[in-house]
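As structure tokens, the structure follows; a few thoughts come after it.
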Amino acid sequence: FYWGQGFESQGGRRAIRRSSGMETRSRSKKRCRKRQTREPTLESSSRAKAPRLAMRYPLRKRKRQESPRESFCDSKGSSSSFFNPRHAESSGSNEKRFRVAEATSRRTTRRCRKLADRIFSCGFNLFYGGNFRSIDEEKGKAIMIQAAQNGSDTAKGECHLNGWGSFEKNVILAVNFFRLGAQDGNSLAEFRLGFCYANGEGVERDPKKGVEWLRLSAERGNGFSMNYLGRCYYGGEGVKQNRVQGFSWFRKSAETGNIDGQCNLGQSYQYGSGVVINIQKAVELHRIAAARGSAVGQFQLAMCFLEGVGVKKNPSEAVKLFRQSAENGDSFSQFRLGYAFSKGEGVKRDAKEAVRWYAKAAAQNHKTAQNNLGVCYEKGQGVEKDVARAFEWYSKAASQNLSIAQRNIGCCYRGGIAVGKDYSQAVRWFQKAVQNDNVLAMDDLGHCYYTGMGVKQDFRKAFELYQQAAELNNVLAQCHLGACYEKGHGVKQCFKTAIYWFRKAAASGDSYAQNNLGYSYLHGNGVPKDTKKALEWYRKSAANGNSEGQCGLGCCLENGEGVKENMPLALQYYRKSAAQKNKNAQYNLGQCYRYGKGVEQDYKIAATWYMKAALQRHGDAMNMLGHLHYHGYGVEKSREKAIEWYRKAAREDNALAMFNLGCCHHDGHGLPIDLNQAVNWYQKAADKGNPLAQNSLGTCYEYGTGVSVDMKAAVGWYRKAAAQNNDFAQGNLGHCYENGRGVDKNLDRALYWYTKSAMQGEPGAQYDLGRFHEEGLGIEKDEELALEWYEKAQDNSDTAKRGAARMRTRVRNKRLTSVVARDMKAVSLWMLNDHIVKAARWQKDEWKNHSNGIPQ
């Protein structure tokens, strides 16, 4: 009976024979009572005593016949009974004996089943750490399998639930066995039924029904049910959330010696959930659970050592505990151990070890470990780089609704990593991550809306996402929010608010915000212009390795902003920034080589740097490549290639390239002359604020080139270009005021605009200014000043040359006349002086000779 081999027909006949003698039957009952009252222990259920029990009731090796309870759960659907009444048909006189034998065998089977249930309880406590037992999974599992073989329905259910031994994994069958165990009042079977209902294992998920079974089991004193009931109260699953009540159940569970109850009670004390925080009590409970072999307890104690909670901070001790817990199969500890190896926390950094532990945790479906393993494969950290495997691990983690993994998949689609670039898919995954409150994804999705990547451009939506992430202390979003305020994208422009967000992000060490603060101080946006402070912020950004900061610092050193000009050092920072593939730095290096600033002029090297920047869609670099091809500087002279690069730059909204395309259409260089197209390109560039295009468009309106003559429109465009200090527009505006074209005639205003243009070296304005001084138009005549302006303009104007020659003659004659007049005056004065001297001498002599006379 102990081994659960049931009653065969031969065994039934033996029972009948034993029941015929009163004395024999009495002795049998006494032995059964003795076995029933003795409390089973781990030693009494060991295999060492099994042969003695088996020999007490020797059975022939015949085909086993299952009990009705076993046939009820038989997966094959067979049905048999331990006693077949048909055997008694031939002996009607012994009908009473058959009934007595049947009742006896049923009682004996029930007693054996209860004994097997007690053995199962011992194994369950050993395996899961109940009743103050230290965890021993191997022994506990072996005992539970033995109990299942001995006929314990609850043990069979547990074996079917986990697929142990010869029992196939079948949760539906497991639930059926748990029901049978619960009918006998087995508290562990009731606990398992509650667990299955709460998690939807083998039955439809019903948390309320699960709580009912758990409560029934807990009232019988089952510590496992008490612990799980506490969890239900904490999470509000099947009952109204009540953490105080949850804490109460955890305490009851811990008092029964349940190891999980002790762990949860420790956490409650640590975080003050349902009770006043008591760190020392929490650490004490964690130590007890860890000493009993609880992987969870070891993990919690390790976290205390790692963070210095209730104990002195000791990362090395934390790693030891993580390793113990990880070797016991705890996925959280495996993940933390991998993280410790990846960051070098309490242990020497070892990327390979990190990958090994991440892989173990990921195999247990730990979603964060799966994501981190994907990062390792993507970046080739501790393992050979394999973006396909990385994407696979990201997908597994994302399927468990891990927001960071969803965001990483979005980044893969955005960057074309392991999959083709698909911005719409990137947006879809970013949206999923945002729904799960991932702050990084909020910033990413905001960037998509800001740039119109995979979604219709919407500055307002981008601003809202940036603001949401910034308020959650995402420093990158704070920097982007500041940029929105700075440029007035999605919100009213406000430089002061922009500075506020830049400062907040910079205080967290964000190098981009530091760079933006440097730019703001350099240009006086929201703060007083201060080149020294600008230089200081650029230095901080560059020291943090920010390529934009390095480029900005290079610009300050090149132009002497806040520091003495230093081209060699500027070139060093440009090269550092360019090494990080910063397109602005690459373009600046191209400019240095083109104009020979700090290096020997070399158009070929300049073209190389322009090409690197152009490959990153730098509009100015594309336009400069077009310019080099147009003139054949350092590259093949080709108007076709020049037009091609101009078009590429124009697609990047480069206004200067649009202006150049307009010029090509206007002059027929590389393109057929098409004045309408020229005006179209001028208009596009002018709308983007390009002063050259604004001046050219004004000229078209003034002379009716490709459009109808419209002097008011012409003057309007001249004004816009002149406000940007365009010398040609200033000269043209001077002509309009001089001749009263589109405006009232005003020589003073004309003189003002001619002077501004001439001061910038525009030869036409210099000639006109000389003319004004020559003729005294709106100013007093001054031929010498007129000559000075004519001489400045004569290298670029034949008219100015003639004017200069004319004015030289006039000035020379004027100067000669002045010299002659001056000399004549000098001679006259000399002669007069000589006469006075001679007269004085004569008077003196006369005085001497005629002492009585009066000198005349």
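The values are calculated or read from the model by the stated rules, or taken from the named source; none is laboratory data. Because the structure is predicted, anything quoted here is derived from the model rather than measured. Counting neighbours? That spans all protein chains shown, and the Cβs are built from the backbone with ideal geometry, glycine included. What goes into the accessible areas is simple: the full protein's heavy atoms, side chains included, and nothing from ligands, DNA or RNA. Shrake-Rupley method; radii C 1.70, N 1.55, O 1.52, S 1.80 Å.
Tabulated results
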item	result
Surface accessible to a 1.4 Å probe, Leu476 within the full protein complex, Å²	60
Share of carbon and sulfur in the accessible heavy-atom surface of the stretch 422-490 [1.4 Å probe, %]	47
Backbone HN-Hα couplings from phi across the stretch 443-460 [Karplus 6.51/-1.76/1.60, Hz, Gly and Pro as x]	5, 4, 5, x, 5, 4, 5, 5, 9, x, 8, x, 7, 5, 4, 8, 4, 5
Distance (nanometres) between label positions extended 7 Å along Cα→Cβ at Leu615 and Gln431	3.6
Gained length - Ser166 relative to Met711, 0.36 nm times residue gap less alpha-carbon distance	186.3 nm
FRET E, pair Arg647, Ile779, Förster distance 51 Å, beta-carbon r, rounded to 0.05	0.60
Where N is the number of residues in the stretch 419-578, Cα Rg divided by 2.2 N^0.38 Å	1.13
Carbon and sulfur %, accessible surface of the stretch 541-677 computed with the full protein complex present, 1.4 Å	47
Within-12-Å neighbourhood charge of Ser395 [Cβ basis; K, R +1; D, E -1]	+2
Accessible area, probe 1.4 Å, largest first, for residues Glu565, Glu775, Glu762	Glu565, Glu775, Glu762
Probe 1.4 Å - accessible area at Trp717, Å² to nearest ten	30
Gyration tensor verdict on the stretch 413-475 (Cα atoms; rounded if a/c is under 1.5, prolate if a/b is larger than b/c, oblate otherwise)	oblate
Spacing of the two label points (7 Å from each Cα toward its C-beta) at Arg639 and Cys494, in nm	5.4
Given Lys581/Lys641; Lys597/Lys648; Lys320/Lys581; Lys533/Lys597, the pairs whose alpha carbons are separated by over 32 Å	Lys320/Lys581
Nitroxide proxy distance, nm - points 7 Å out along Cα→Cβ at Arg205 and Arg111	4.6
Accessible heavy-atom area order of His366, His523, highest first, probe of 1.4 Å	His523, His366
Percent of Cα-Cα distances greater than 28 Å, calculated over the stretch 490-648	30
Built amide H within the under 5 Å cut-off of Tyr633, gap 5+	none
Cα gyration tensor shape for the stretch 431-511, rounded if a/c is under 1.5, else prolate or oblate	oblate
Around Tyr466: net Lys/Arg minus Asp/Glu count, Cβ-Cβ under 14 Å	-3
The stretch 484-534 versus the stretch 321-374: alpha-carbon centroid distance in Å	41
Against the rule of thumb 2.2 N^0.38 Å, how large the Cα Rg of the stretch 556-635 comes out	1.06
Solvent-accessible area of Lys540 with every protein chain in place, 1.4 Å probe, in Å² to the nearest 10	90
Scaled radius of gyration (Cα, divided by 2.2 N^0.38 Å) that the stretch 305-420 gives	1.11
P(r) of the stretch 630-720 over all Cα-Cα pairs, binned every 10 Å from zero, in whole percent	20, 46, 26, 7, 0
Accessible surface ranking that places the most exposed of Cys448, Cys411 first, with a 1.4 angstrom probe	Cys411, Cys448
Extension gain from Glu284 to Asn314, taking 0.36 nm per residue of separation minus the Cα-Cα distance	9.1 nm
Rg/Rh for the stretch 173-282, where both radii come from Cα atoms and Rh is the Kirkwood radius	1.02
Integer Hz, Karplus 6.51/-1.76/1.60 couplings in order for the stretch 741-758, x for Gly and Pro	9, x, 9, 5, 5, 7, 5, 5, 5, 4, 4, 4, 6, 4, 5, 4, 5, 5
Within-10-Å neighbourhood charge of Tyr538 [Cβ basis; K, R +1; D, E -1]	0
Counting all C-alpha pairs of the stretch 331-480, share separated by more than 28 Å (%)	25
Global form of the stretch 271-364, assessed from the alpha-carbon gyration tensor, a/c cut-off 1.5	prolate
Gained length - Gln241 relative to Gln364, 0.36 nm times residue gap less alpha-carbon distance	41.3 nm
